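Asker: Below is a structure I'd like to ask you about.
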Amino acid sequence: MVVVTAEPIDPTRAYGMIKTEGTGSVLLHYAVVKPLAGEGGTTSYIDFTANNDTEAELQEIADRLSSEYTLTEILFMRRTGRLGLGDVISLVAVSSPNSEDAFEACKKGLGCIRKIKNIIKKEVCA
């Protein structure tokens with residue numbers, strides 16, 4: 001399942017969206033806005049804009065992971081809009097009958113979601 005939203009990502013709701021019946025492992029990873037010190041100063045906030053078909057790009061990644069690992073469910077959630085320090089940018093969640101596939105799929109999914117092309121990021125520093 002794939003969700004692109006301007007609304008905050010709610011951990012309880014996200015967990016409820018993952019199928020847990022028949023699984024032995026559920027793993028959720030949240031990426032958050034962190035303060036990076038760069039040439040322009042420290043991050044104040046980041047504006048994220050979905051470009052083209054972000055959901056389709058994320059679904060392709062989810063389908064690929066589902067074919068590579070034994071998963072019961074996979075969920076990608078991606079925020080758009082203005083996010084401040086500590087706000088959740090994205091979620092990669094997987095459920096699996098075994099922890100090895102859950103951890104590997106989540107790790108690979110995280111690497112893929114960081115590289116998606118259909119999100120435009122504009123970081124603003126103070």
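Asker: Here's a check for you: in the stretch 4-20, which residue that is surrounded by fewer than 17 Cβ atoms within 10 Å (Cβ to Cβ) and among the β-branched types (V, I, T) is farthest from the chain's Cα centre (by Cα)?
Answerer: Going through the stretch 4-20, the residues surrounded by fewer than 17 Cβ atoms within 10 Å (Cβ to Cβ) turn out to be 5-8, 10-13, 15-17, 19-20.
Filter again for among the β-branched types (V, I, T), leaving 5, 12, 20.
Values: T5: 11, T12: 15, T20: 19 Å.
Only one residue fits best here, namely T20.
Asker: Sticking with this structure for a sec: Within the stretch 75-117, track down each residue that is surrounded by 17 or more Cβ atoms within 10 Å (Cβ to Cβ) and within 15 Å of G22 (Cβ to Cβ).
Answerer: V94, S95, S96, D101, A102
Asker: Determine whether S66 is of a type in the set (G, A, S) and surrounded by fewer than 21 Cβ atoms within 10 Å (Cβ to Cβ). Quick ask: steps written out before the conclusion?
Answerer: Details: of a type in the set (G, A, S): yes; surrounded by fewer than 21 Cβ atoms within 10 Å (Cβ to Cβ): yes.
In short, yes.
Asker: In the stretch 67-79, is there at least one residue being out of contact with any strand residue (DSSP E or B) (no Cβ under 9 Å at 6 or more places or on another chain), closer than 19 Å to K34 by Cα and among the small types (G, A, S)? Please lay out each step first, then the result.
Answerer: First, the residues of the stretch 67-79 that are out of contact with any strand residue (DSSP E or B) (no Cβ under 9 Å at 6 or more places or on another chain): 67-68.
Subsequent filtering for residues that are closer than 19 Å to K34 by Cα retains none.
Checked the stretch 67-79: no residue is out of contact with any strand residue (DSSP E or B) (no Cβ under 9 Å at 6 or more places or on another chain), closer than 19 Å to K34 by Cα and among the small types (G, A, S).
Asker: Here's another thing I want to ask about it. For the stretch 13-122, give me every one of the strands (runs of 3 or more DSSP E) that falls completely inside it and has 3 or more residues that are within 15 Å of V2 (Cβ to Cβ). Walk me through it before giving the result.
Answerer: Details: elements: 25-32, 41-50, 73-79, 81-84, 88-96.
Ranges flagged: 73-79, 88-96.
Asker: Could you pull out the residue among E68, E57 that is in contact (Cβ under 8 Å) with a residue 12 or more places away in the chain and in contact with a helix residue (DSSP H, G or I) (Cβ under 9 Å, 6 or more places away or on another chain)?
Answerer: None of the other options fit; the residue is E68.
Read-outs throughout are calculated quantities, based only on the coordinates presented, and are distinct from any laboratory measurement. Everything quoted here is computed from the prediction, not taken from an experiment. FYI the Cβ positions are ideal-geometry reconstructions off the backbone, even for glycines, and counts take in every protein chain you see.
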